[in-house]
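The values are calculated or read from the model by the stated rules, or taken from the named source; none is laboratory data. Remember, it's a predicted structure, so these values are computed and weren't measured experimentally. All Cβ positions, glycine included, derive from the backbone under ideal geometry; neighbour counts span all protein chains shown. Each accessible area value is taken on the protein alone, full model and side chains, heavy atoms only, with ligands, DNA and RNA left out. Shrake-Rupley method; radii C 1.70, N 1.55, O 1.52, S 1.80 Å.
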There are 2 protein chains.
Amino acid sequence: MATKKDYGKKALAAHKKLRGKLSVVPKQKLDSVDAWSTMYTPGVGAVSSHVAKKEKDARQYTMKGNTVAVVSDGSAVLGLGNLGALGSLPVMEGKCVIFKEMADVDAFPIVLDTQNPDEIVETVKRIAPGFGGINLEDIAAPHCFEIEERLKKELPIPVMHDDQHGTAIVVLAGLINAAKVVKKKLEGMKVVIVGAGAAGRAIALILIKAGIKNVVVLDRAGVIHTKRKGISGYKKELAKVTNPNGLSGGLNTAVEDADVLIGVSGPGKIAQMHVEKMADDAIVFALANPVPEIFPDDAKRAGAKVVATGRSDYPNQVNNALAFPGIFRGALDAEVRDITDDMKIRAAKAIASMVKKPIAAKIIPSVMTKGLSAKVAKAVKQKTRRR
Amino acid sequence: MATKKDYGKKALAAHKKLRGKLSVVPKQKLDSVDAWSTMYTPGVGAVSSHVAKKEKDARQYTMKGNTVAVVSDGSAVLGLGNLGALGSLPVMEGKCVIFKEMADVDAFPIVLDTQNPDEIVETVKRIAPGFGGINLEDIAAPHCFEIEERLKKELPIPVMHDDQHGTAIVVLAGLINAAKVVKKKLEGMKVVIVGAGAAGRAIALILIKAGIKNVVVLDRAGVIHTKRKGISGYKKELAKVTNPNGLSGGLNTAVEDADVLIGVSGPGKIAQMHVEKMADDAIVFALANPVPEIFPDDAKRAGAKVVATGRSDYPNQVNNALAFPGIFRGALDAEVRDITDDMKIRAAKAIASMVKKPIAAKIIPSVMTKGLSAKVAKAVKQKTRRR
C-alpha cells in the first residue's frame with residue numbers, strides 16, 4: 001500500500017500535469033450563427049429580462065439551480081492548520097471534483113483573502129445570487145459557528161459547514177450500524193467525545209438530536225460541564241445540552257462505562273487504558289487524520305469491538321464525501337432554503353442503510369458504493385416541500 | 001433571417017432545456033482508490049502545503065493559472081439597463097462560454113448583490129486569490145471607471161472592463177482596415193464620437209494612444225471641451241486630451257469634415273444630414289444595439305463609404321468576442337500583472353490583420369474566424385516578460 005508520503009509525491013506530479021483539477025465547460029458549442037444568437041446576443045437578452053422580472057425562475061434558466069460555492073478562508077485546511085486562501089485551493093478543487101463525480105453538482109471553489117468573520121459573511125452574501133447553495137469548508141472554530149449561523153439566517157439558499165455537519169452525519173451513520181453490531185440500543189449508549197472543535201460540537205448536537213441522552217464532551221481542559229470555571233461562548237451552550245450526569249475531571253473519569261469513544265482532537269490523544277475502562281463491546285471512532293487518536297490495532301487489543309478512523313487504509317472510514325454531495329443534491333432538487341437537522345438525520349440513516357449486514361469490519365459504506373449519493377439525496381428530499 | 005424576437009423565444013426555450021450554459025467538470029475521474037488518494041486526501045495535503053509556501057506556484061498546481069472571473073453588478077446589462085445580479089447571469093454565463101470556446105479559458109460568472117463601487121472593489125479583492133484574471137462586465141459608467149482603476153492598482157492579476165476596452169480594441173481594429181479602404185492615414189483622420197459612456201471614453205483614449213490626434217467626443221449636452229460650463233469628473237479629464245481645436249456646440253458642427261463618426265449612444269442619434277457634412281469617403285460606426293444610431297443603408301445613401309454596426313446581420317460587426325478571449329489567453333499565458341495600452345493596440349492590429357484584403361464590406365473579421373484568438377493572444381504576449 002502506498003504511504004502518505006508516496007501519495008504526496010504522486011499528487012504533486014499529477015496536479016502539476018493537470019494544472020488544477022477543474023474545467024468550466026459550455027453545455028452548448030458555439031458552432032453556428034444560430035448558437036451564437038441563442039446562447040448570446042441578441043437572444044440572451046430575453047432570458048436576462050425574464051430572470052430579472054421573475055427571480056425564482058433563475059433556477060431553471062441559469063446555472064444557479066445546480067451550482068454550489070465551496071467557500072474557504074483557509075484557516076483550518078485538513079489537519080494542516082492555517083494555510084490561507086491559496087493553500088486551501090487544492091482541497092477546495094478536490095471537494096468540487098467529488099461534488100460532480102458523486103452527485104452531478106456543479107461546484108466552484110471560492111477561496112477568500114480574509115479570515116475576518118464579518119467580512120466572510122459579507123462577501124459570501126454579495127456573491128450568493130449566482131449560487132443554489134453554499135458549502136463552507138475548512139474554516140476554524142469558533143469563527144465557523146458564527147459564520148454558518150449568520151449565513152443560514154441571512155441567505156435564502158442552503159448553507160452548510162461540511163467540517164461540522166458532514167462529519168457529524170457520517171459519525172451518526174456509523175454509530176447506527178455499530179449499535180447493531182454490538183446489539184445495544186443507540187439511544188441508551190453513553191458517548192464520550194474527545195475534542196470540542198467544529199466537528200466535536202456538531203457530532204454532540206446531532207447525536208443528542210438523534211435521541212442519545214448521555215453525551216459527554218471534553219476539550220483540552222477536560223470534561224465540559226456547566227459549573228466549570230471560566231466556561232463561556234459556545235462551550236457554555238454545549239455544557240447545557242450535554243453531560244446530563246454532571247461529570248467533571250479528565251478523560252480517565254469520563255470513559256468509565258462509556259459505550260462509545262469518539263476522538264476528533266489529535267494524534268495519540270486516546271490511550272489503551274482509556275479504552276480498557278469502557279463498557280463491554282466498546283466502540284471507538286479515532287478520527288484525527290492521518291494519525292488517529294489511537295490506532296485500530298491498539299484499540300482492539302484494549303477491548304474495542306468496533307473501530308472507525310478517518311483513513312482509507314483501515315476499515316470503516318469516516319469520510320465526509322459520503323454525506324455532502326448527496327445532501328446538496330437533495331437540497332438543490334427540492335429547492336430548500338435550509339438544510340435542517342431532520343434532513344441530516346435522514347441522510348445519516350440513508351448512509352447507514354447502504355451497509356446491508358453491518359459487521360465490526362464494515363459499519364460504514366465505501367465512497368465508491370454505487371447509488372450512495374442518490375440515496376442520501378432522496379432521504380433529504382423526503383417530506384420536503386418545494387419552496 | 002430570424003428576428004430578434006425569434007431569437008428571444010429560441011433562447012428562452014434553449015436556456016430552460018439546458019438549465020444554464022456551464023458545467024464545472026473534473027479533469028480526472030475518481031474511479032479508483034488511487035485517484036481519490038492523489039486528487040484528494042491524503043495526497044492533496046502535499047499540494048496545499050507546497051502552494052501555501054510558494055504562492056506563485058499556484059498557477060501551475062491549481063486552476064488559478066487558467067481561470068478568469070466574469071464579474072458583474074448587473075447595472076448595465078447589454079442595452080437593457082439595470083437588471084441586477086440575477087438578470088445579468090445569463091449574459092455572464094454566455095461570456096464564459098465564449099471564453100472557453102474561443103480561447104480555452106476557464107471562466108466563471110460572479111454576479112454581485114451590490115452596486116456600490118467600494119463594496120464591489122472590496123468583494124472582488126477578497127475572492128481574487130483563486131483567479132488568474134478579472135473580467136468586469138456590464139457595470140454602468142461612471143462607477144465602472146473607478147472600479148476598474150482601483151482593482152488594476154490593488155490586485156496582482158490583470159483586470160479589464162470589457163465594455164470599455166473590448167469595444168475600443170475592436171473599433172481600433174476596424175478603423176485600421178477602414179483607413180486602408182478609403183486610402184487615408186489613420187493618424188491624420190478626424191474622429192467624432194457620439195456618446196461619452198464606458199465605451200465612448202475608452203474608444204477616445206485608445207484612438208489617441210494609437211496616434212490619432214483629432215478626436216472629438218460628444219455627450220447629451222454636445223461637444224466636450226475644457227471650457228464647457230459645469231464639466232467635471234472623467235469628462236473633464238476627457239476634455240483635456242481630446243478636441244485639440246477647441247470645438248464647441250452640437251453634432252451638426254462637430255461632424256463638419258470628419259473622416260470618422262462613431263456612435264456609442266442610442267437608436268437614431270445620427271441623422272443622414274450629419275453624414276452628409278462629413279469629409280469624402282466617410283466611415284460610420286453605428287454601434288448602438290440592436291437599433292443603431294443610423295442604419296447602414298441610410299448612412300450609405302448619405303455618402304458613407306464604410307459602415308460598421310454591433311449587429312451580426314450586417315457586414316462588419318463590432319463584437320467584443322473578437323478581443324476579450326484572446327486578450328486574457330495571452331495575459332494568462334504570459335502571467336502578466338496588467339493588460340497595458342500597448343497590449344490592447346497590438347491586439348487591435350492582430351484582429352485587423354485577420355482580414356487579408358480589407359474592402360468596405362469586410363473590415364472586421366467574423367468571430368468564427370479560425371485562429372483569431374490565438375493570434376490576439378500571441379500579440380498580447382509579444383515583448384511581454386513573464387512576471
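Evaluate the following for A:Arg346: is it away from chain B (no Cβ under 14 Å) and either crowded, with 24+ Cβ neighbours inside 10 Å or at pLDDT 95 or above (or both)?
Answer is yes for this residue.
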Exclusive hit being facing chain B (nearest Cβ under 7 Å), touching a helix residue (DSSP H, G or I) at 6+ places or on another chain (Cβ under 8 Å) and outside any helix (DSSP H, G or I), set A:Val70, A:Val25: A:Val25
Any hit, the stretch A:32-39, residues being open to solvent by 20 Å² or more (accessible area, probe 1.4 Å), aliphatic (A, V, I, L, M) and facing chain B (nearest Cβ under 7 Å): yes
Failed item, numbered, when A:Gly20 is tested on (1) outside any loop (DSSP other than H, G, I, E, B); (2) within 14 Å of B:Val24 (Cα to Cα): (1)
Failed criterion for B:Gly81 (all others in (1) open to solvent by less than 20 Å² (accessible area, probe 1.4 Å); (2) more than 7 Å from every other protein chain (Cβ to nearest Cβ); (3) not hydroxyl-bearing (Ser, Thr, Tyr) hold): (1)
Among residues of the stretch A:86-106, those that are closer than 22 Å to B:Val111 by Cβ, among the aliphatic types (A, V, I, L, M) and at the interface with another protein chain (Cβ under 7 Å from one of its Cβ atoms), counted: 1
Evaluation of A:Gly65 against (1) within 7 Å of chain B (Cβ to nearest Cβ); (2) over 17 Å from the mean Cα position of the chain (by Cα); (3) free of Cβ contacts under 8 Å to residues at least 24 places away in the same chain (one fails), failing number: (3)
From the options B:Ala361, B:Ala308, residue that is out of contact with any helix residue (DSSP H, G or I) (no Cβ under 9 Å at 6 or more places or on another chain) and in contact (Cβ under 8 Å) with a residue 40 or more places away in the chain: B:Ala361
Subset of the stretch B:101-137 that is open to solvent by 10 Å² or more (accessible area, probe 1.4 Å) and assigned to a loop (DSSP other than H, G, I, E, B) - its residue that is nearest to A:Val25 (Cα to Cα): B:Asp104
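For the stretch B:356-387, how many residues are out of contact with any Leu (no Cβ under 9 Å at 6 or more places or on another chain) and surrounded by 13 or more Cβ atoms within 10 Å (Cβ to Cβ)?
11
One line per residue, one yes/no per condition, for (1) under 14 Å from A:Asp219 (Cα atoms); (2) free of Cβ contacts under 8 Å to residues at least 60 places away in the same chain; (3) touching a strand residue (DSSP E or B) at 6+ places or on another chain (Cβ under 8 Å); (4) within 14 Å of another protein chain (Cβ to nearest Cβ):
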position: A:Gly250; (1), (2), (3), (4): yes, yes, yes, no
position: A:Lys269; (1), (2), (3), (4): yes, no, yes, no
position: A:Lys277; (1), (2), (3), (4): no, yes, no, no
position: A:Asp281; (1), (2), (3), (4): no, no, yes, no
position: A:Asn289; (1), (2), (3), (4): no, no, yes, yes
Tally, over the stretch A:215-230, of residues that are crowded, with 21+ Cβ neighbours inside 10 Å and part of a strand (DSSP E or B): 5
Scan of the stretch B:320-373 for residues that are on the phi < 0 side of the Ramachandran plot, of a type outside the set (A, V, I, L, M) and not in a helix (DSSP H, G or I), ordered by number: B:Arg337, B:Asp338, B:Thr340, B:Lys356, B:Lys357, B:Pro358, B:Lys362, B:Pro365, B:Ser366, B:Thr369, B:Lys370
Hey, B:Ser353 within 14 Å of another protein chain (Cβ to nearest Cβ), open to solvent by 10 Å² or more (accessible area, probe 1.4 Å), touching a helix residue (DSSP H, G or I) at 6+ places or on another chain (Cβ under 9 Å) and closer than 20 Å to B:Val318 by Cβ or not: no
Single unsatisfied condition, B:Ser75 versus (1) assigned to a loop (DSSP other than H, G, I, E, B); (2) buried (at least 24 other Cβ atoms within 10 Å of the Cβ); (3) touching a residue at least 40 places away in the same chain (Cβ under 8 Å): (2)
Pairs where the first residue, in the stretch B:107-129, is more than 7 Å from chain A (Cβ to nearest Cβ) and the second is among the hydrophobic types (A, V, I, L, M, F, W, C), C-beta under 7 Å, 6+ apart: B:Pro117/B:Ile147; B:Ile120/B:Leu112; B:Ile120/B:Ile147; B:Val121/B:Ile147; B:Val121/B:Leu151; B:Val124/B:Val71; B:Val124/B:Ile134; B:Val124/B:Leu151
The one condition in (1) under 20 Å from A:Asp341 (Cα atoms); (2) among the β-branched types (Val, Ile, Thr); (3) in contact with a Phe, Trp or Tyr (Cβ under 9 Å, 6 or more places away or on another chain) that A:Ile208 fails to fulfil: (3)
Residue in the stretch B:242-261 that is under 25 Å from B:Cys144 (Cα atoms), modelled with pLDDT of 95 or more, in a helix (DSSP H, G or I) and β-branched (Val, Ile, Thr) present: no
Conditions (1) open to solvent by 20 Å² or more (accessible area, probe 1.4 Å); (2) in a helix (DSSP H, G or I): number failed by A:Ala179: (1)
Residues of the stretch A:293-326 classified as in contact with a strand residue (DSSP E or B) (Cβ under 8 Å, 6 or more places away or on another chain) and within 13 Å of chain B (Cβ to nearest Cβ), total: 7
Residue match in the stretch B:295-302 (condition: open to solvent by less than 10 Å² (accessible area, probe 1.4 Å) and within 20 Å of the chain's Cα centre (by Cα)): no
Some residue of the stretch B:150-157 being outside any helix (DSSP H, G or I), over 15 Å from the mean Cα position of the chain (by Cα), more than 8 Å from chain A (Cβ to nearest Cβ) and buried (at least 24 other Cβ atoms within 10 Å of the Cβ): no
Exclusive hit being within 17 Å of A:Leu172 (Cα to Cα) and over 15 Å from the mean Cα position of the chain (by Cα), set A:Ala321, A:Ala360, A:Ala334, A:Ala347: A:Ala360
Residue within the stretch B:40-61 that is open to solvent by less than 10 Å² (accessible area, probe 1.4 Å), modelled with pLDDT of 95 or more, closer than 19 Å to A:Leu30 by Cα and at the interface with chain A (Cβ under 7 Å from one of its Cβ atoms) present: no
Candidate set: the stretch A:279-294, residues that are buried (at least 24 other Cβ atoms within 10 Å of the Cβ) and not in a strand (DSSP E or B); chosen: the one nearest to the chain's Cα centre (by Cα): A:Leu287
